[in-house]
Each structure stands twice: as structure tokens, then as C-alpha cells.
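Trainee: Got a structure for you, questions after.
The values are calculated or read from the model by the stated rules, or taken from the named source; none is laboratory data. These numbers come from a predicted model, not from an experiment. Cβ coordinates were reconstructed from backbone atoms using ideal geometry, including for glycine residues, and neighbour counts include every protein chain displayed. With ligands, DNA and RNA removed, areas are computed over all heavy atoms of the protein, side chains included. Shrake-Rupley method; radii C 1.70, N 1.55, O 1.52, S 1.80 Å.
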Amino acid sequence: MLAVALGWIFVVVLFALAHATAPDGSWLGAVLIVVLGLAPLALVLAIALRVARRRRARRASAGDPDRGGHAAGDAVAPVREEP
């Protein structure tokens, strides 16, 4: 997910740079390209982080503190008595 986000940012910045340095381009257009190009990325990341946060909260409230997936047992092993 991080690689896709970095790639998206790279492409948007290069596109804005190309627009700004073009003969008919403008700096205002480049700024709008950056803002409007990063808005979808921000939306996707916000949704993905919200889902991850909910999943983490649900896992924490499930009563499995160590997230090991097994039933909790005694913290200390019983002492074996010799016959």
C-alpha cells in the first residue's frame, strides 16, 4: 500500500512539474494538479486506515490480550510432586 501511495505521489508531482514548465502551462495549474491529484489518494488512505483501526479495536475487545488465538491458561506451571 505504501509503494502504491508513493508511486501515486511521484506521478502527480511529475505531471504538475511538466505542466508548470510547459510553454502554455502555469504555476496555478500545477498547484491545482497537485491538490486535485492527491485528493483521491487521501480519501483511499483515510478509508484504509479507518478499516485497519476498526479491525484493531475489534481484535482488542475480543478478549484475547496476547492475540495468540489460544485459550488463556495458568500463568505459572503447576509444581510437580514426586511420589
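Trainee: Is it true that residue 16 is at pLDDT below 85, out of contact with any strand residue (DSSP E or B) (no Cβ under 7 Å at 6 or more places or on another chain), of a type in the set (A, V, I, L, M, F, W, C) and on the phi < 0 side of the Ramachandran plot?
Mentor: no
Trainee: Same structure again: Considering each residue of the stretch 1-10, count those that are open to solvent by 90 Å² or more (accessible area, probe 1.4 Å) and assigned to a helix (DSSP H, G or I), and give that number. Before you say what the answer is, go through the steps one by one.
Mentor: First, the residues of the stretch 1-10 that are open to solvent by 90 Å² or more (accessible area, probe 1.4 Å): 1-2, 4, 6, 8, 10.
Remaining after also requiring assigned to a helix (DSSP H, G or I): 2, 4, 6, 8, 10.
So the count comes out to 5.
Trainee: Pairs please, first residue from the stretch 31-56 and touching a residue at least 24 places away in the same chain (Cβ under 8 Å) and small (Gly, Ala, Ser), second anywhere and surrounded by 13 or more Cβ atoms within 10 Å (Cβ to Cβ) and assigned to a helix (DSSP H, G or I), Cβ atoms under 9 Å, 6+ apart in sequence or on different chains.
Mentor: Partner pairs satisfying both residue conditions: 37/8; 37/9; 37/12; 37/13; 37/15; 37/16.
Trainee: Considering only residues that are open to solvent by less than 60 Å² (accessible area, probe 1.4 Å) and out of contact with any helix residue (DSSP H, G or I) (no Cβ under 9 Å at 6 or more places or on another chain), which ones fall in the stretch 23-41?
Mentor: 39
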